[in-house]
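Remarks on the structure that follows.
The values are calculated or read from the model by the stated rules, or taken from the named source; none is laboratory data. Bear in mind that the values here come from a model prediction, so they are computed numbers and not experimental data. Note that each Cβ is placed from the backbone with ideal geometry, even for glycine, and that neighbours are counted across all protein chains shown. Just so you know, the surface numbers come from the protein's heavy atoms only, side chains and all, with ligands and any DNA or RNA stripped out. Shrake-Rupley method; radii C 1.70, N 1.55, O 1.52, S 1.80 Å.
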Amino acid sequence: MARPTQRVEFRTREDMAAHLDRWAAAELTSTAAWEQVLVGSRAWLDYSARNQLLLASYGVDGPVAGAETWRLVPSTHEGRPCAVRAGEHGHPVRVPVTTGGTEPDPYLGGTRPTRAAVERWEWRPVFEIAQLARRPAPGTLVAVDLPAALAGPEAQRALLDASRKVATATVRGRLPKSTDPYRVLADAAERVTRSGREPGLGPVLRQQVAWMVTDRVNLAAQPSPPEFDPTGVKPRRRWELLQQVLDPTRKLTAALGVAIGVDLVASPLPRMTIVDDRVVPAGRRHRLPAASLEQLPVGQWVEVGPYSAAEWEARGESASGRGAYLRLNKTAYIVAVERGDTATWRLEDVAARTGDGILATGTTASLTDARADAVKTLRGRYPALGPAAVDVTQPVPGGSSRGWGPMPGEGSTSAELRRLDERTTVYVIPGPGGRWMPAVHHAATGDIDRLPLTRTVDEAKTSAVLAGYRAMRLAAMDSPARFDPMLAAFAASGDYSRRELTALLASRLEAADSTRLPDASPAELVELVGAAGASPATTVAILHAESVDARTVAELLPTAGVPMPDAIRVLHERWELPRGEAAELLGATAAEMRTAGCTPVEIIATRPRDVLRALPDDPHLWELAAGTMAAAGHSSATIAGHLVAHAPSADAFAAGLTTGIDDPASGVAMAVRSGAQGDQLAAVSEAYGLSPAEAATLLADHGCSHHVLLDALDVRCDHATDAVLALAGAAGVSQDAIDSWLNPPEPVTPPVARWGGLDLGDAAELLANLPDPQPADVATDLTDALDLEPARHLEPIRP
């Protein structure tokens with residue numbers, strides 16, 4: 001703790017950086033000093049990472065607040081509040097001054113108005129407890145109460161569930177699947193960087209973030225954070241790294257608080273109440289924050305989607321398919337969403353004092369029924385919330401195209417008009433010299449844009465429609481509910497161009513990012529389109545319009561936030577790749593391929609090991625597996641190799657091998673060459689009806705190693721040692737040659753397999769054994785020596 005004896009001022013950012021450089025060089029010089037800052041920062045989680053860093057550099061201990069805030073806290077002197085000691089100098093921190101503005105809307109897409117936009121930043125002094133003349137009364141500065149679920153025997157499971165929600169909602173793209181909440185949070189911390197130019201955190205620093213977050217709910221894996229020695233880096237880099245730890249810690253802690261319904265970054269001090277209209281407050285169950293609701297028109301249904309389950313989950317919604325919103329007044333709205341074969345609706349109010357923001361709910365068979373049922377319930381139960389006098393059972397006509405018709409009015413005229421949507425109408429009007437003038441009318445402003453004259457009426461109509469759609473797209477940039485669908489429609493239209501895309505997104509990006517758009521690579525394009533507020537589905541549509549090749553798209557789909565099953569379908573439907581080839585490019589697991597709708601043959605062709613490893617010890621299933629692998633194009637040698645490696649028992653191995661090879665000699669030869677063990681060879685020879693003596697002769701003839709041959713005979717002879725030795729000697733195995741190999745056998749005629757003709761009607765039974773889809777673990781899924789023919793077994797037989 002250090003009391004400032006003189007006022008600290010930073011006139012420029014360089015002054016502040018120089019101060020932090022000096023502090024890091026003098027104080028941040030050991031593992032213990034680094035840990036002390038991390039532990040001390042827990043008292044300032046309601047401050048930004050930069051302010052936390054500054055408070056640590058001042059040597060502050062415990063909560064801080066401005067002088068006016070301290071006056072709201074009762075002191076140890078009864079009836080009197082806390083007060084700052086006369087002559088004390090405050091510790092300067094950077095605070096935002098908010099005002100009205102716009103920002104990207106993560107719920108509905110596009111931009112939304114907000115009263116929490118930052119207008120400017122100012123330096124304000126704060127004071128710690130040691131600078132008070134009257135200290136806080138006991139019990140006035142208390143921490144938040146944690147939910148009971150995080151304190152009982154199921155605390156770790158509750159923490160894991162909440163951590164997964166945090167990672168899904170906070171980080172764009174795919175994260176490794178894990179059952180360890182600390183691993184989940186550490187992986188998320190690696191991706192939550194302060195800017196795209198900064199590298200991700202190293203392993204130790206990521207673990208420190210996870211420790212800080214879990215320690216906030218008293219569930220840290222160890223009593224202190226993992227050790228990090230800062231002396232190996234320069235002073236400037238020390239405090240920059242520390243800031244990179246504090247920033248994701250604050251973000252992930254805040255997100256964890258939302259997941260468990262408690263504000264974990266709240267200060268124990270009675271902060272001045274500032275309502276952040278950009279987020280849903282902790283403890284509330286309504287979905288839309290006030291700023292997003294502000295963008296919806298009153299009294300009109302606005303449809304969004306369709307979105308995948310993961311895309312809806314990122315918006316805080318449990319749904320799959322389309323959705324619709326109907327705003328009723330300043331605070332109330334109806335949301336209806338599809339959930340597979342059903343649909344649900346809710347009446348929500350962002351300002352409701354009861355029901356945690358949800359006033360009524362219902363379930364119906366379709367989205368249309370959900371809208372109608374919601375409106376009916378609304379009119380019956382809450383007539384005071386009735387919407388404007390419009391047909392609220394119909395959605396907003398987002399870009400519906402009607403045909404050309406004569407311009408209304410008295411007299412005859414050859415002028416025509418066409419209404420593109422409720423805001424945009426286009427005209428073609430006769431001009432001088434037999435030419436035609438196209439024009440666009442904007443209902444929102446009342447302006448009419450006159451376009452250059454054309455020679456024919458058809459040219460004028462084409463020009464007017466193109467200009468009208470361009471105007472609609474530009475207008476949609478300011479409407480979050482219309483932006484994403486309009487951008488997707490533009491990508492699917494015939495007039496898509498990178499130049500037009502740049503013009504559309506320019507107002508939604510920073511100036512530096514806008515300049516990158518015209519020449520952006522596919523990877524940069526995904527980043528910029530996502531930053532502008534487009535959904536993953538719209539990003540995919542733009543990549544398709546850009547004619548990006550399938551291999552590049554496969555690398556970008558996880559980055560764009562497309563779940564693996566959806567990515568397989570995207571490559572199959574838009575890029576016309578076979579689903580097996582798409583899964584191979586994406587590195588999808590068998591379970592993910594199953595979720596994507598791949599057939600058993602396609603899955604076996606691409607991921608045989610995933611399926612075989614999940615099969616139980618059921619000979620019938622292994623018969624199906626062998627037949628399905630053959631139908632998928634795998635060679636007999638590859639199938640035998642997979643059976644040797646993955647069959648859980650000798651009986652399962654024998655059932656699979658004998659399914660496709662009738663000739664005992666060929667079957668035994670294939671098993672020997674695939675490295676089958678003694679118990680497997682014994683089961684196969686018995687399944688073929690061979691006597692122990694015949695089995696010994698065949699095994700010896702086909703080059704079976706002596707110890708494996710003897711193991712097989714031992715099983716066939718029920719462990720009668722004398723009989724085993726007699727049969728081995730008769731087969732040419734001497735006692736002296738027990739531990740050596742025979743000479744290579746003569747070439748064996750390749751067996752004739754009949755797997756391709758097996759009835760595969762029940763092959764889908766194989767897939768029922770697969771686990772739920774999980775991302776592939778790159779750390780362990782590198783190579784597998786059991787893939788005997790990695791190049792050929794992925795080439796299916798074509799009819």
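On average over all directions, what projected area in square nanometres does the range 477-571 have, based on the convex hull of its Cα atoms?
Its Cα hull, projected and averaged over all orientations, spans 5.7 nm².
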Roughly what would the spin-label model give for N329 and S493, points 7 Å off Cα along C-beta, in nm? 3.8
If I model a spin label at F10 and S414 as a point 7 Å from the Cα along the Cα→Cβ vector, what separation in nanometres do I get? 7.1
Under Stokes-Einstein, with the Kirkwood radius over Cα pairs standing in for Rh, what whole-number D in µm²/s applies to the range 660-718 at 10 °C and 1.306 mPa s? 148
I'd like the FRET efficiency for A266 and T462, computed as 1/(1 + (r/R0)^6) with the beta carbon distance as r and R0 of 51 Å, rounded to 0.05. 0.30
Give the residue from P616, V570, A637 lying farthest towards the positive end of the charge dipole for the range 557-645; charges sit on Cβ (+1 for Lys and Arg, -1 for Asp and Glu) and the dipole is referred to the Cα centre. V570
Starting from 0.36 nm per residue, how many nanometres of slack lie between D519 and R613 once their C-alpha separation is accounted for? 29.2 nm
With r defined as the distance between the Cβ atoms of R85 and A360 and R0 fixed at 56 Å, what FRET efficiency is calculated, to the nearest 0.05? 0.55
Pull up all non-local amide H partners of V126: gap of 5 or more, or a different chain, and H-to-H distance under 5 Å with H placed in the peptide plane. H91, V93
Added length on full extension, which subtracts the Cα-Cα distance from 0.36 nm per residue, R322 to V39: 97.3 nm
When all protein chains stay in place, what accessible area (Å², nearest 10, 1.4 Å probe) is found for R470? 90
Counting only residues 5 or more apart in sequence or on a different chain, those whose built amide H sits under 5 Å from that of L690 are none
Expressed in angstrom and rounded, the centroid-to-centroid distance over alpha carbons for the range 592-632 and the range 35-62 is 55
What do you reckon, how do W239, W436 stack up by accessible area (1.4 Å probe), largest on top? W436, W239
Measuring from label point to label point, each 7 Å out along Cα→Cβ, what is the D447 to A723 span in nm? 9.8
Once phi is turned into θ = phi - 60°, what whole-Hz ³J(HN,Hα) does the Karplus curve with 6.51, -1.76 and 1.60 give for every residue of the range 610-616, x standing for Gly and Pro? 4, 6, 5, 5, 8, 6, x
The answer for R134, listing residues at least 5 apart or on another chain whose modeled amide H is closer than 5 Å to its amide H, is A83
When every protein chain stays in place and a 1.4 Å probe is rolled, E78, E416 sorted by accessible area with the largest first are E78, E416
Given R₀ = 41 Å, FRET efficiency for W404-R191 by Cβ-Cβ distance, to 0.05? 0.20
If ligands, DNA and RNA are left out, what is the accessible area of R379 with a 1.4 Å probe, given in Å² to the nearest 10? 150
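When the solvent-accessible surface of protein heavy atoms is calculated with a 1.4 angstrom probe, in what order do L727, L699 fall, highest first?
Reading off the accessible areas and sorting them downward yields L727, L699.
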With every protein chain present, what accessible area does W575 have (1.4 Å probe, heavy atoms only), rounded to the nearest 10 Å²? 40
